[in-house]
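Read the figures in this text as sums done on the coordinates, not as results from a lab. In this text the structure is predicted, and so the values were computed from the model without any measurement. Glycine gets a Cβ as well: all are built from the backbone with ideal geometry, and neighbour counts include every protein chain shown.
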Amino acid sequence: MASFNKFKNVLMLAFDWILYGAGVAGHCQVTVAQPRFQQADSYMNVSLPCSFSASGCSSPQPEVLWFRFLTNTHQGLCTPGCTDHQKYKVHSAGNNILLQIKDLTEDDSAVYICGIAFSDSSPLSKQTGDGTVLTVTGSGKQPSHGKLISMIIASTLLFLYSSAVLISFVVYKLKPKLQKKSGKDQTTENCKINSGRKIFQAIAQELQKQRYAQHQQQPEDLEDDTVYQNR
């Protein structure tokens with residue numbers, strides 16, 4: 001922490017030295033505010049906010065500077081032009097500033113300091129925030145294209161295997177019910193056939209009884225006719 005405070009003092013002296021050539025006394029006062037902590041995941045983008053307020057300053061727009069404080073050193077990221085335009089980008093909207101950092105890795109974990117500098121020669125016209133501690137979580141290694149394809153293929157095969165197991169389980173559970181239902185249908189059909197046979201046998205027996213009765217009555221009729229003729 002002592003080294004960090006020392007670095008802030010060095011930044012303030014650097015601001016004074018850069019803008020000392022103005023040589024105009026003024027009463028410009030600037031205050032800068034930053035969030036203390038921010039956390040983000042690897043491979044993602046993050047925007048670090050910074051806001052400031054100014055009073056008594058002659059120039060309408062200040063210079064916005066961003067620094068990164070590591071363990072034993074510091075880096076000028078945007079002073080005001082960014083050293084890596086693909087990695088860092090500054091967005092300004094009035095008194096609100098955003099530092100956008102793309103494609104985060106664990107190496108991006110550091111203290112990010114926002115600086116505001118008006119052209120006035122007043123010592124208070126150039127101020128920095130307390131810094132935002134950015135913590136990047138994750139492995140820091142992006143999966144390769146081949147690994148992604150392997151993961152997709154493995155997921156597809158696992159899905160197909162799970163579907164096959166589920167279908168086999170459903171068929172195994174429904175097979176006894178289907179067999180039982182088939183047996184019931186066969187029993188019902190057999191009952192219908194037996195019932196038809198019984199009806200047919202009953203009709204045949206009834207016809208046979210009628211024929212037998214007619215056969216028994218025929219001799220008596222013949223005997224009556226013979227007696228009548230003799231008379």
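Of note:
- Within the shell defined by Cβ-Cβ distances under 10 Å, the residues around Pro62 carry a net charge of -1, with Lys and Arg each +1 and Asp and Glu each -1.
- For Ser122, residues with placed amide H under 5 Å, excluding near neighbours: Gly26, Cys28
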